[in-house]
1. Would you pick out the residues in the stretch 28-75 that are open to solvent by 80 Å² or more (accessible area, probe 1.4 Å), within 20 Å of C149 (Cβ to Cβ) and modelled with pLDDT of 90 or more?
2. Can you name every residue in the stretch 76-120 that is modelled with pLDDT of 70 or more, acidic (D, E) and more than 29 Å from G147 (Cα to Cα)?
3. In the set G129, G135, which member is modelled with pLDDT under 90 and buried (at least 18 other Cβ atoms within 10 Å of the Cβ)?
4. Considering each residue of the stretch 105-161, count those that are in a helix (DSSP H, G or I) and either more than 14 Å from F51 (Cα to Cα) or in contact (Cβ under 8 Å) with a residue 24 or more places away in the chain (or both), and give that number.
Amino acid sequence: MTDRKDFTRRGVIKTGLGAAVAIGGTPYFFTRAFAADYRNAPTGDTVTFGFNVPQTGAYADEGADELRADELAVEHINGDGDGGMLSTLSSKALQGGINGKKVAFVTGDTQTKSDAARASAKRMIENDGAIMITGGSSSGVAIAVQGLCQEAGVIFMAGLTHSNDTTGKDKRAN
């Protein structure tokens, strides 16, 4: 049993204030962590994805496969046809777009070069309003585009890269 001398008015007030700060501050920390401000928030009837893949250069064959898969995913999300899937695997949750908005896409050629990839991604973000960029058939390209997307506040989804620098080592938000 605890002796009553251990409880002081000052201790109770400090504990109460600490609890109030912890409870009151929690929404601030969570909204800052999970509700970051993203660039190009969709306002119309569509959202735009950017497919930044090598269409020329050393990884052009891989890029062509990535682009076909990306286009198939957009077809499936938008509910056009069967999306290339068996009817038993069709997802009713995805058909018709994302939150009622159709998905459009733009493409860019990384040429398997970091500078070309950054320029292509920058064009898709600034000119085309892409809310998400995917690609990165080489680690160098993925690292370059990941940095740009982090700065711009746009989601980057690495495609075929396996470098520690693109798989969470720095715990990037985007």
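The values are calculated or read from the model by the stated rules, or taken from the named source; none is laboratory data. This one's a predicted model, so the numbers in the text were calculated from it and none came from an experiment. Here the Cβ is made from the backbone with ideal geometry for all residues, glycine too, and neighbour counts use every protein chain on show. Surface accessibility is based on the protein's heavy atoms, side chains included, excluding ligands, DNA and RNA. Shrake-Rupley method; radii C 1.70, N 1.55, O 1.52, S 1.80 Å.
1. Within the stretch 28-75, just Q55 meets the criteria.
2. D80
3. Result of the check over G129, G135: G135.
4. 24
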